[in-house]
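The values are calculated or read from the model by the stated rules, or taken from the named source; none is laboratory data. Worth saying up front: this structure is predicted, and the values here are computed from it rather than measured. Backbone-built Cβ (ideal geometry, glycine too); neighbour counts: all protein chains shown.
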Amino acid sequence: MKFKLLLNLLLVILFIGCGSKSDPVSPGEEDGSIVFTATKVNSLSAPVGSAPQKSASIQTDVTPSTYSLAIVNYWLSTATGDVNVVSASISSPLVIDFHDTASVTTLHAAATFPAGTYTGYKMEFLYIEMTLPVVFHTPDATWETDYTDPSIFNTQVNRKFRLYFNATAKYWKRDFVVEPVPGSDDWYWMRRVVMDSTGYRNFFISVASNSHPPGGPPFESTIDLFSDLAFWGPESGYATPSPIIVGTHSTVGGLDCRMDNSFTIPTKLASLFTVNLEVDISNTMNFHETGTPPTGVIFTANVLDLGPGYENGPTPEMYGDEGLHPFMPIFNMTASISSP
């Protein structure tokens, strides 16, 4: 049994007719309003990290316990074009926090919304933020220069991670950063490979105090998101802001964005439309649990063990799980109409 976390993004579209029902109204001329609200349904099954890791390498999925999405643009799609229902910016995205299951959050409101048949959606976002169970390991905690509290190592904690899908400020596309001190808004890259050499010993790299590592050799690179050239583009463009748009039109990136049912907004009917975007984030972090950690290091089953590779002689050691692959949530949209 694993966590099952289900998020609902509710688009409640309320149309108020500009004339009586007998008055003909052309498509797109219907006055009305659109209100975005967000809620979450949280269905828990079993805790994670309850047993030592098995001796063999296995592939594992874990589910985040909190989840936020920083939206830049959100469109609903018709056969003739897209209708923008959220319009923010890379520098100031609309952050949807699904942590509080009790509240309903208003995300967006607009004055009008065109009639038509809607068959899909598109979304551009800056990052996903999720809380994951994790244990950090390193060859030597005294090597750390940026985050120097040794108590974070070799103990299971829950920490927030941000997964960047666009570039902004110091962050590149594919960046995977952690907030070691909860609530501090102080983020760190994690070096992919450490060396017992000046400048390359530390695992945690402060975003606030450093430029982005240049990439290239493993000790100049960081732990990042999945590799997919068609989705991300070439590495030379990671630092340049450019939109990655996901949705029902997309076939790259290993996504599963779908819309089970189209819905039609009529031209002369004042009605309440509820469009439900179901965001299922269960099992959205995938990795290979390494069965042979270095001597004295204990990896835990169903928990993200994070640590660098260590070039220690002819046989490199691995201080974390391998093949880290965060997945996109599964998006599914349905619609219903209420009587006016």
TODO: For segment 133-160, name all the residues that are in contact (Cβ under 8 Å) with a residue 60 or more places away in the chain and under 16 Å from the mean Cα position of the chain (by Cα).
DONE: PRO133, LYS160
- [ ] Being crowded, with 20+ Cβ neighbours inside 10 Å and assigned to a loop (DSSP other than H, G, I, E, B) is the filter here, so list the residues in segment 56-90 that pass it.
- [x] THR63, PRO64
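Within segment 274-296, can you find the residues that are under 23 Å from TRP143 (Cβ atoms), surrounded by fewer than 19 Cβ atoms within 10 Å (Cβ to Cβ) and at pLDDT 80 or above?
From segment 274-296, those under 23 Å from TRP143 (Cβ atoms) are 290, 292-296; that's our starting set.
Now drop any that are not surrounded by fewer than 19 Cβ atoms within 10 Å (Cβ to Cβ), which leaves 292, 294-296.
Across segment 274-296, the qualifying residues are PRO294, THR295, GLY296.
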TODO: Hey, could you check segment 119-150 for residues that are of a type outside the set (Val, Ile, Thr) and closer than 30 Å to GLY81 by Cα and say which is surrounded by the most Cβ atoms within 10 Å (Cβ to Cβ)?
DONE: LEU126
Open item on the list: Quick check on my filter: what residues within segment 199-222 are buried (at least 17 other Cβ atoms within 10 Å of the Cβ) and either among the polar types (S, T, N, Q) or in contact (Cβ under 8 Å) with a residue 40 or more places away in the chain (or both)?
Closed with: ARG201, ASN202, PHE203, PHE204, ILE205, HIS212, PRO218, PHE219, THR222
